[in-house]
Amino acid sequence: MTNTDLSLALRKRVLYSSIGLAIVVSAIFISVAFNLSRDFGQSLELEHSNKMLLQLTKSIKAIVSTADLNELSLNESVKTELIALLDKDVIGFEIWVNNKHFKLRNSSFYAQDEGIATAINIKQSSYDFIENEAEMLIWVYENSPLDDLSILMVTKTHALDKAISYVSNRLFITAFLTFWLTVWVALFISALISKRFEQSNDRLKYLASHDMLTGLPNRTYLYDYALSYFTPENVKKHQDLDTLFAIYIIDLDKFKDINDTMGHLVGDELLKAISRRLRNLKEKNSQVMRYGGDEFVVWCDDLNESDAISLAEDIVLLCRQPIKVSNYVFETSVSVGVAYYPASGQQLDDILKNADIAMYQAKKHRLGYQVFQQELFTRSEFRISLRGQLNAALEKRQFVLHYQPKVQLPENNIVGVEALVRWLHPKEGMLMPNMFIDIVEQSMFVHEFTRYVLLQAIMQCREWLDNGIELSIAVNISPYNLMDPELVSYLSDLLKHYQVPAELIEIELTENASMVNIDKTREVFSQLNKLGVKLSIDDFGTGMSSLAYIKHLDVDYIKIDRSFTIDVVTDSRDEAVISSLLVLCQKLNKLTIVEGVETIEQANKLASLGCTLAQGYLYSKPLSAEEITHLLSRRKAETDNKIINIKNFN
Amino acid sequence: MLNIKHNLCAIDRIIRGIIAVALIVYVVVFFDQIGDMLLQISILIFALMNLISFVLGWCPVYNIANINTCKKG
């Protein structure tokens, strides 16, 4: 039901109820006034009749005192004298004197009246009205026992008719005017009410379609707007002409961190500031809406592709300007996903979803903005399908471990391996961890997955021990696993069950992850330490690299990130970082492992800097369990031979 | 602001014209019978308002109540 319908219905209701009220009030008013006028008229009539009767009684007594009552009936002159006293309105006049009944005037109008007959029979003074077809009559019966004289007088009424006629006439006019006035007032009031109603409705509509914090239209508005936008004309316009409309999803980077560290009030102020900036976009056809949380949507119509891209650039630049909120200056950045109609979807939901995919892409790769392309969708769809297959993959043991050796420089002896997970997908083939690890981390299987990996690693360790190979295996765990209360006891049970020495297992946590919650990390690490497993910080140097954290976390290894290794030969800055870290770790009594060694030059350089442990494709790519076992067996044989040879030599 | 624009349709205007004339005739003919001065004046005012509405094609009450019988729907 639309607003107009509601207001019309309301107006009708007010009008009808007012008219109904007017009718009821008029009816009561008319009834009361009518009765009042009738009662008043009757009392006037009665008074008049009584006066008349008193007068007549006096006259009769005067006549009777001079004439013999016995002769009254015979004496025509007396009778005529008495009749002459009667008014022409008197239609009945009867007297009873000395048990004699004289009818001086007589009419059939009252002959049948029971009230009169009863009054005469019981000789009780009384009066009443007789309603005749043509007129109203009043009768008065006066019984005077002392004088032995009773009189019945019946007269036509005049005052009564007149009173009723006046009153009814005026009442009719008054009722008519009242009725009309009521309609006017009802219309007036209903107009006022419906106006208020519309105002409050508009307010409610505004509240429902706008965000209270920023004052921008909200998601509901967006959907309503889209509903009204997709008219046949607009659809045709975009099909025929080379114009498009673009939807930009704008998401603030790291907004959650600001909210968490600075408080929601500051976060809110930041959102307001961003919304003010977005409002001032140069494009005239653009509309800004708050999509939810820290996401904004800009809807811009009548664009060509280059306009659309320049608008995306504008948005990114505009939001990148430092914002001052409550004495803090924030250097915010946003990620913008752009999707076009009709190229990126025919329905609003599709366009939004695609813009969202593009936005996540922009965020992931720090691109600022990203225009949606079909391949992004395909990738995203692929990820969604992988998410659905996680459980089955765990059950069917589709995850296998590959192992990359860690070597000791400069002899290149294998001193350990890092376990790296591969998903042997029945359709997609072998999937690398970067394709699914974040899906696992976001799923409910994150603990189960890590336990599975730990189990596989420990079983492999046992197998090698059985074959006389003693080699440590490093397993990467997710920061979410730190929240698993059973992780340590599970690992301890596994080690006991497979009788694997704890020092052969190494737990790796990336630097960023280990810094998320330093207290929790320290707690879990200390438990793991007690267990005897080795601990290492992975990808060191890429996150915040707070030295205080290395100091506090009781780890055995620091793995220097590959980004420092790549240019270590040519870039003296990388060399400086690595050598400083080596010194630092040495002082802190922690071993360092350099990751990503790919060339012999790098290896030589690192060895010259004093690196003792390294990992990379130069030594070996990650190998399957069989391959690595084969390699290890060969190496072992070589070493044994060497020893044997030496022994033989001796 | 009262915006004097036609808001009465032809039928509405004619009905108002008839009512106005009928009321004036009634007051003139039955002047004594009505008797009450207040009523006589009220009816005359009412008749005059209807007459004005008839002439202008515009009703102030409709205007306030936002009713327009000129347009359909």
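The values are calculated or read from the model by the stated rules, or taken from the named source; none is laboratory data. Treat the numbers as computed from the prediction; the structure is a model and nothing was measured. So basically every Cβ, Gly included, is an ideal-geometry build from the backbone, and we count neighbours across all protein chains shown. With ligands, DNA and RNA removed, areas are computed over all heavy atoms of the protein, side chains included. Shrake-Rupley method; radii C 1.70, N 1.55, O 1.52, S 1.80 Å.
Along Cα→Cβ, 7 Å out, is where each label goes; now give me the distance between the ones at A:Leu177 and A:Tyr223 in nm to one decimal.
In this crude label model, A:Leu177 to A:Tyr223 measures out at 5.8 nm.
Subtracting the Cα-Cα distance from 0.36 nm times the residue separation, let me have the gained length for A:Gln199 to A:Gln124 in nm, one decimal. The partial results should precede the final answer.
Details: separation 75, 0.36 × 75 = 27.00 nm, distance 7.36 nm.
Taking A:Gln199 through A:Gln124 to full extension adds about 19.6 nm, to one decimal.
Between A:Lys162 and A:Ala576, what is the label-point separation in nm under the 7 Å Cα-to-beta-carbon projection?
12.7
Please report the relative contact order for the range B:10-63, taking Cα pairs under 8 Å with a sequence separation of at least 6, and give it as a percent rounded to a whole number.
50
Please tell me the relative contact order of chain A in percent, rounded to the nearest whole number, where contacts are Cα pairs under 8 Å and at least six residues apart.
Across chain A, relative contact order equals 8 percent.
In whole percent, and with a 1.4 Å probe on the protein chains, what portion of the accessible area of the range B:10-63 is carbon and sulfur?
Of the solvent-accessible surface of the range B:10-63, carbon and sulfur hold 82 percent.
Could you tell me which residue out of A:His101, A:Leu482, A:Val338 lies farthest along the dipole of the protein assembly as shown toward its positive end? Charges go on the beta carbon: Lys and Arg +1, Asp and Glu -1, centred on the Cα centre.
The Cα lying farthest towards the positive end belongs to A:Val338.
How about the range A:82-174: which GluC sites (Glu not before Pro) there are in a DSSP loop, with at most 11 other Cβ atoms within 10 Å of their Cβ?
Here the GluC sites (Glu not before Pro) that fit, given the DSSP loop and packing criteria, are A:Glu133.
Loop by DSSP (not H, G, I, E, B), at most 15 other beta-carbon atoms within 10 Å: where is the longest site-free stretch of chain A for trypsin sites (Lys or Arg not before Pro)?
Longest site-free region, per DSSP loop and neighbour criteria: A:428-650.
Evaluate E = 1/(1 + (r/R0)^6) for A:Glu598 and A:Ala9, where r is the Cβ-Cβ distance and R0 equals 60 Å; express this FRET efficiency to the nearest 0.05.
The pair A:Glu598/A:Ala9 has a calculated efficiency of 0.15.
For chain A, what % of the accessible area comes from carbon and sulfur atoms, probe 1.4 Å?
Using a 1.4 Å probe with all protein chains present, chain A comes out at 54 percent carbon and sulfur.
I'd like the interface area for chains A and B: accessible area of each alone minus the complex, both sides summed, 1.4 Å probe, protein heavy atoms only. What is it in Å² to the nearest 100? All intermediate terms of the calculation are to be shown ahead of the outcome.
Numbers: alone 35650 and 5450 Å², together 39640 Å².
Separately minus together, A and B give about 1500 Å² buried.
Report, for chain A, the % of DSSP beta bridges that are antiparallel, rounded to 5.
75
Please report the Cα spread of chain B along all three principal axes, rounded to whole Å, starting with the longest.
44, 25, 18
Once Lys and Arg get +1 and Asp and Glu get -1 on their Cβ, which of A:Leu528, A:Leu281, A:Ala358 lies farthest toward the positive end of the dipole of chain A?
A:Leu528
Which one, A:Thr231, A:Leu270, A:Asn201, projects farthest toward the positive side of the charge dipole computed for the range A:182-284 from Cβ point charges (K/R +1, D/E -1)?
In the range A:182-284, that residue is A:Asn201.
Take A:Gln499, project a point 7 Å from its Cα along the Cβ direction, then tell me which residues of the range A:438-482 have their backbone nitrogen under 11 Å from it.
A:466
With each run of n ≥ 4 DSSP H residues scored as -39500 (n - 2.57), what mean residue ellipticity at 222 nm is computed for chain A after dividing by its residue count and rounding to the nearest 500 deg cm²/dmol?
Theoretical 222 nm ellipticity from helices: -18500 deg cm²/dmol.
Quick one: work out Rg over Rh on the C-alpha atoms of the range A:358-457, Rh as Kirkwood radius.
Details: Rg = 16.9 Å, Rh = 15.6 Å.
Rg divided by Rh gives 1.08.
Tell me, what is the per residue accessible area of the range B:10-63 in Å², probe radius 1.4 Å?
Each residue of the range B:10-63 exposes 56 Å² on average to a 1.4 Å probe.
Quick check: Cα centre of the range B:8-34 to Cα centre of the range A:446-462, how many Å?
Here the two parts' Cα centres lie 101 Å apart.
So, taking all protein chains as they sit and a 1.4 Å probe, how much accessible area belongs to A:His630, in Å² rounded to tens?
120
How much mean residue ellipticity at 222 nm does chain B get from its helices, if each DSSP H run of length 4 or more adds -39500 (n - 2.57) and you divide by all residues, to the nearest 500 deg cm²/dmol? Present the calculation step by step, with values, prior to reporting the outcome.
On the way: 4 runs with 50 residues, N = 73.
-21500 deg cm²/dmol, from helical runs alone.
Explain nothing, just the number: dipole magnitude of the protein assembly as shown about its Cα centre with +1 on each Lys and Arg Cβ and -1 on each Asp and Glu Cβ, in debye rounded to the nearest 20.
Values: 71 positive and 87 negative charges, 142 e Å.
The calculation lands at about 680 debye.
Do any residues of the range A:184-202 show a loss of at least 10 square angstrom of accessible area between the isolated chain and the full protein assembly, using a 1.4 Å probe, and if so which?
Residues losing area: A:Trp184, A:Leu187, A:Phe188, A:Ala191.
Per residue, how large is the accessible surface of chain A? Use a 1.4 angstrom probe and give square angstrom.
Result: 54 Å² per residue.
By the gyration tensor of its Cα atoms, with a ≥ b ≥ c the square roots of the eigenvalues, what is the shape of the protein assembly as shown: rounded for a/c under 1.5, prolate for a/b over b/c, or oblate?
prolate
If I fit a long axis through the Cα atoms of helix A:572-587 and take the longest principal axis of the Cα atoms of chain A, what angle between them do I get, 0 to 90°, rounded to 10?
So the inclination is approximately 90 degrees.
Along the Cα-to-C-beta direction of A:Phe34, a point sits 7 Å from the Cα; which residues of the range A:163-182 have their amide N less than 18 Å from that point?
The answer is A:163-179, whose backbone nitrogens lie closer than 18 Å to the label point.
Per residue, how much space in cubic angstrom lies within the convex hull of the C-alpha atoms of the range A:120-178?
Convex hull of Cα atoms, per residue: 107 Å³.
For a Förster distance of 25 Å, can you work out the FRET efficiency between the beta-carbons of A:Asp242 and A:Gln373, rounded to the nearest 0.05?
Numbers: r = 19 Å, r/R0 = 0.76.
The calculated FRET efficiency here is 0.85.
Could you tell me the largest-minus-smallest coordinate of the C-alpha atoms of the range A:120-232 on each of the three principal axes, in descending order and whole angstroms?
The Cα atoms of the range A:120-232 stretch 104, 28, 22 Å along their principal axes.
Evaluate the charge dipole of the range A:98-140 about its Cα centre and quote only its size in Debye, nearest 20, assuming +1 on the Cβ of each Lys and Arg and -1 on the Cβ of each Asp and Glu.
460
May I ask you to derive the FRET efficiency for A:Gln55 and A:Lys79 from their Cβ-Cβ distance with R0 = 22 Å, giving the value to the nearest 0.05?
On the way: r = 18 Å, r/R0 = 0.83.
Efficiency, from the Cβ-Cβ distance: 0.75.
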